[in-house]
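A quick write-up on the structure given underneath.
Nothing in this text is a laboratory measurement; each read-out follows from the coordinates by a stated rule. These figures come from a predicted structure and were not determined experimentally. Cβ sites come from the backbone with ideal geometry, for glycine too, and all protein chains shown count toward neighbours.
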Amino acid sequence: MKKIVLSLLSSVFLFTACQPKQNLIKIEGNAQGTSYHISYLSNDGINYKKALDSLLKKIDNSMSTWEPNSLISRINNNDSTAIADSYLIDVFRKSLEVSQKTDGAFDVTVGPLINSLGFGYTKKEYVDRSKIDSLLPYVGYQMLSLKGKKIIKAKPQIQLDFNAIAQGYSVDVLAQYLESKGITNYLVEIGGELKTKGKKENNENWKVGIDQPNEKESSERKLEAVVQLNNKALATSGNYRKFYVEGGQKYSHIINPKTGYPAKQNLLSATVIANDCMTADAYATAFMVMGLQESKAFLEQNKELQLEVYFIFDDKGKWKTYTSESLKKSIQEIY
C-alpha cells in the first residue's frame, strides 16, 4: 500500500511539474463611453485585445443609440429593413423577461424619457409635467414583440434604450469569447460591470470592490465593501454618478417607467450578483426603481433567480447596508 501511495504522489508531482506556467495577460481600453479592464491566465500568452475590441465594436453597431446607423437606431427611426442580429435578440428577450418579472420596473422603452431629461444622445429639453405626460403613452414593454428577426413596435414613437443592460451583456460576450479560446481563469470588467471565472494567478478567488455612493467628484476611489467572486457576475447601479440638479431638484439617469421621472427611493446603490452579467445589470437597475423594501420582497418571492444583493441605502441621513444571507460569507465591509 505504501508503495502505491508513493507511486501516486510521485505521479501527481511529475504531472504538476510538467504543467506549463500560465501567463497573466492584462488588457485595458475604452469602449461604450467608459473604460474596460480584462485579466486572464493563458497557457500560450496570446493577447486577444484586437479580437475583443472588434467584438465591442460589433455590439455598438447593434445596440448603441449613440451610433446613428446602428440597428437600434434604425429600429427607433422605424426603418422597416432593420433585421435584428443575435446580440439584439439576446438582449431584447432578456429585457422582456426582466420587465415581466419586475412588473415594469425595468423597461427598455424609456428612451424618450431618457433623451428628454438629458441622459441620452439628444439635446436636453425643457421638461415639465405636461411634457412627461405626453411621453408616457409611448413607454411600456407590452407594446414590443419579436417576430422572426424583426422587433415590432405597437407605436412608431416608441424608442428603445438598452443602456441599462447592454454593458452587462457585453461583459458576457467577451467572457464567452475567452472561454472559446480555452481560457478558464479570467475577470472581464466594463464600466464597473464584470464577470469572473476560475481563480487569480495565486489560486485565490477574484476580489472586487464596491464603491461608496459618493456624489462628490474625487480622484480617490473609496470602497464600501470587498466581495469574493467565484464563477459569478456582478453589476452595480446607483443614482450618485449620472445626475444633475435643476430648480432645486435632483435628476438622476435611472428613470421610473411608471412615473416618467427619475426614481426617488432611499436606495443609493444596488449591487447584484448573478450567473451572468446581463441579468445582474438589468436587476440592479430594476431594484433602484423598486426601492429597498420592494426589492427585498421581490427577492424573497423569486428565490429561483438565485440573485445575491448588496444594497446601500439612506436611513434618515445615515448610510446603512443590506446583504443577502448567502453573500455574507463572501463579503467584507470596510469601516
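Observations, loosely collected:
- Inter-label distance, GLN22 to SER35: 2.5 nm, where each label sits 7 Å from its Cα along the C-beta direction.
- Considering only alpha-carbon pairs that sit under 8 angstrom and 6 or more positions apart, the relative contact order computed for the chain is 15 percent.
- For P(r) over Cα pairs in 10 Å bins from 0, in percent, the value computed from the atomic coordinates appears in the list (i) 5, 26, 37, 24, 6, 1, 0, 0; (ii) 5, 24, 31, 24, 10, 4, 2, 1, 0; (iii) 5, 23, 25, 19, 14, 8, 5, 2, 0 under label (ii).
- For the chain, the membrane-span-like helices by this rule, meaning whole DSSP H stretches whose C-alpha atoms cover at least 18 Å of axis and whose Kyte-Doolittle mean is -1.0 or above, are 2-18, 49-63, 86-101, 166-180, 277-290; this says nothing about an actual membrane.
- For region 20-55, applying the loop criterion from DSSP together with a ceiling of 13 other beta carbons within 10 Å to the trypsin sites (Lys or Arg not before Pro) yields LYS21.
- When the chain is treated as a Gaussian network with alpha carbon springs shorter than 10 Å, the biggest mean-square fluctuation among GLN306, GLN265, GLN159 belongs to GLN306.
- Mean residue ellipticity (222 nm) of the chain, computed from DSSP H runs ≥ 4 via -39,500 (n - 2.57), nearest 500: -10000 deg cm²/dmol
- Dipole magnitude (debye, nearest 20) for region 156-234, charges at Cβ of Lys, Arg, Asp, Glu: 360 debye
- Cβ crowding within 10 Å, taken as a proxy for footprinting-reagent exposure, orders ILE165, ILE210, ILE254 from fewest neighbours to most as ILE210, ILE254, ILE165.
- Within region 83-158, the chymotrypsin sites (Phe, Trp or Tyr not before Pro) that combine a DSSP coil assignment with at most 10 other C-beta atoms in a 10 angstrom radius are TYR126.
- Percent of alpha-carbon pairs separated by more than 16 Å within region 285-327: 36 percent
- Two-site FRET efficiency, ILE89 against TYR177, from Cβ-Cβ distance with R₀ of 22 Å, rounded to 0.05: 0.75
- Exposure rule at most 16 other beta-carbon atoms within 10 Å, DSSP loop GluC sites (Glu not before Pro): the chain longest free segment: 1-124
- All Cα-Cα distances of region 61-169, cut into 10 Å bins from zero to the largest, leave 14, 50, 31, 4 percent in each bin in turn.
- Cα gyration tensor category, rounded, prolate or oblate, for region 110-169 with a/c compared to 1.5: oblate
- With neighbour counts taken as other beta-carbon atoms within 10 Å, the residues ASP107, ASP211 rank, fewest first, as ASP211, ASP107.
- Of the trypsin sites (Lys or Arg not before Pro) in region 289-329, those whose Cβ has at most 16 other Cβ within 10 Å and which sit in DSSP loop: LYS316
- Taken along its three principal axes, the alpha carbon spread of region 144-185 comes to 45, 23, 8 Å, from the longest extent down to the shortest.
- Annotation: the residues TRP206, TRP66, sorted from fewest to most other C-beta atoms within 10 Å of their own C-beta, follow the order TRP66, TRP206.
- Of all lysines in the structure, the ones whose alpha carbon falls short of 18 Å from that of LYS26, not counting any fewer than 8 places away in one chain, are LYS49, LYS50, LYS181, LYS195, LYS197, LYS199, LYS200, LYS207.
- Most mobile listed residue (MET63, MET143, MET290) in the chain, GNM with C-alpha springs under 10 Å: MET143
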